[in-house]
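**Q** One structure, pasted below without further comment.
The values are calculated or read from the model by the stated rules, or taken from the named source; none is laboratory data. Keep in mind it's a predicted model, so treat the numbers as computed, not measured. So basically every Cβ, Gly included, is an ideal-geometry build from the backbone, and we count neighbours across all protein chains shown.
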Amino acid sequence: MRDFSQDHRWLSINTATVRKSRGADVPLLDILDACAARGIRAVAPWRDQVASAGLSRVASALKAHDMALSGYCRGGMFPATDGAGLQAAHDENRRAVDEARTLGAPCLVLVVGGLPGALDGKAADKDIARARAQVHEGIARLLEYARSCQMPLAIEPLHPMYAADRACVNTLEQALDLCDAIDPALATADTRPADLGVAVDMYHVWWDPKLQAQIARAGQRRLLAFHVCDWLTPTTDLLLDRGMMGDGVIDIAQARGWVEDQGFAGYSEVEIFSAANWWQREMGEVLDTCIARHRSAV
């Protein structure tokens, strides 16, 4: 297991972590400047932040800072009520693949979606099996295009509390079942990342009694991303009250050991949504805390 205590070379900042400073929106280019000033070598930007800044400007800034990506957030949201909706989702995901390629991302993270309409407050139906079938079909279709662009897709299972509105894939086992069904052929001698794999986000999977076994099942090639934060007790908001590493109940270092046992040697990506705490602080304080906690708690 790598020693993170002496430096932060394997720290990545998911830009949602500092999308707000003292409650105000922070431009993505300012986030990149602040990360570069602290020797942070990688980020994972969100598509809405990239769109606001301009794709070409973001690509130029990343190049100027010699900064890598640990992933690109996000594609997915496949389910729909009709064919037109399914096609619209596919077209949007192709655009996400193109953006990820332009920025040099190692993978496009997929938050697959839940019941159509649920994220807007009114689900069109209660057929979660249908939604999961549409996810399967949508990923399989997108994978053909992503392969042509040499852009791996990383399915991110979300905590079951998000099954209705954000992701009907809720365990690492479910995500790997999809990988095996859609993309069954993995050359065992090949060490390149798989075309289709998983993003392991500790906020969503820390509780799973099968987590260690499923990480081993994924192996080096399907482990495309590793996201860290902490689960607070009590939590005040299921979406916007993620904790800084070390402030909650997740044994992050143990899980990092499990993924590194499989050969994962990428970045630990800090992704914290915290409306009442970290988004109310100065961006510099948050980044400095991320560096310190990456050394002590990851």
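**Q** Looking at region 144-180, which of its residues are assigned to a helix (DSSP H, G or I), buried (at least 19 other Cβ atoms within 10 Å of the Cβ) and in contact (Cβ under 8 Å) with a residue 40 or more places away in the chain?
**A** A146, Y162, L172, L176, L178, C179 - these are the residues of region 144-180 that are assigned to a helix (DSSP H, G or I), buried (at least 19 other Cβ atoms within 10 Å of the Cβ) and in contact (Cβ under 8 Å) with a residue 40 or more places away in the chain.
**Q** Please specify each residue of region 218-242 satisfying the condition of being hydrophobic (A, V, I, L, M, F, W, C), under 10 Å from Y203 (Cβ atoms) and buried (at least 21 other Cβ atoms within 10 Å of the Cβ).
**A** V228, C229
**Q** Consider D91 carefully, then state whether it is on the phi < 0 side of the Ramachandran plot and either at pLDDT 95 or above or of a type in the set (S, T, N, Q) (or both).
**A** Yes.
**Q** Just to check your reading of the model, which residue among T81, T102 is out of contact with any strand residue (DSSP E or B) (no Cβ under 9 Å at 6 or more places or on another chain), under 21 Å from E144 (Cβ atoms) and of a type in the set (S, T, N, Q)?
**A** T102
**Q** Sort through A292, A276 and tell me the only one that's surrounded by fewer than 20 Cβ atoms within 10 Å (Cβ to Cβ), part of a loop (DSSP other than H, G, I, E, B) and of a type outside the set (F, W, Y).
**A** A276
Matching residues to (1) under 14 Å from L143 (Cα atoms); (2) of a type outside the set (D, E, K, R); (3) touching a helix residue (DSSP H, G or I) at 6+ places or on another chain (Cβ under 8 Å):
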{"position": "G85", "(1), (2), (3)": "no, yes, no"}
{"position": "N93", "(1), (2), (3)": "yes, yes, yes"}
{"position": "D98", "(1), (2), (3)": "yes, no, no"}
{"position": "L103", "(1), (2), (3)": "no, yes, yes"}
{"position": "P106", "(1), (2), (3)": "no, yes, no"}
{"position": "V109", "(1), (2), (3)": "yes, yes, no"}
{"position": "V112", "(1), (2), (3)": "yes, yes, yes"}
{"position": "D120", "(1), (2), (3)": "no, no, no"}
{"position": "I128", "(1), (2), (3)": "no, yes, no"}
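**Q** Are any residues in region 191-221 more than 14 Å from the chain's Cα centre (by Cα) and in a helix (DSSP H, G or I), and if so, which ones?
**A** L211, Q212, A213, Q214, I215, A216, R217, A218, G219, Q220, R221
**Q** Is there a residue in region 131-139 that is of a type in the set (K, R), over 19 Å from the mean Cα position of the chain (by Cα) and either modelled with pLDDT under 95 or surrounded by fewer than 18 Cβ atoms within 10 Å (Cβ to Cβ) (or both)?
**A** Checking region 131-139: not a single residue is of a type in the set (K, R), over 19 Å from the mean Cα position of the chain (by Cα) and either modelled with pLDDT under 95 or surrounded by fewer than 18 Cβ atoms within 10 Å (Cβ to Cβ) (or both).
**Q** Then there's this: Considering only region 1-47, state which residues are among the polar types (S, T, N, Q) and crowded, with 18+ Cβ neighbours inside 10 Å.
**A** Residues of region 1-47 among the polar types (S, T, N, Q): 5-6, 12, 14-15, 17, 21.
Of everything in region 1-47, those that are among the polar types (S, T, N, Q) and crowded, with 18+ Cβ neighbours inside 10 Å turn out to be S12, N14, T15, T17, S21.
**Q** Applying the selection to region 56-66, what residues are under 17 Å from C107 (Cα atoms) and surrounded by fewer than 18 Cβ atoms within 10 Å (Cβ to Cβ)?
**A** Of everything in region 56-66, just one residue is under 17 Å from C107 (Cα atoms) and surrounded by fewer than 18 Cβ atoms within 10 Å (Cβ to Cβ), namely A59.
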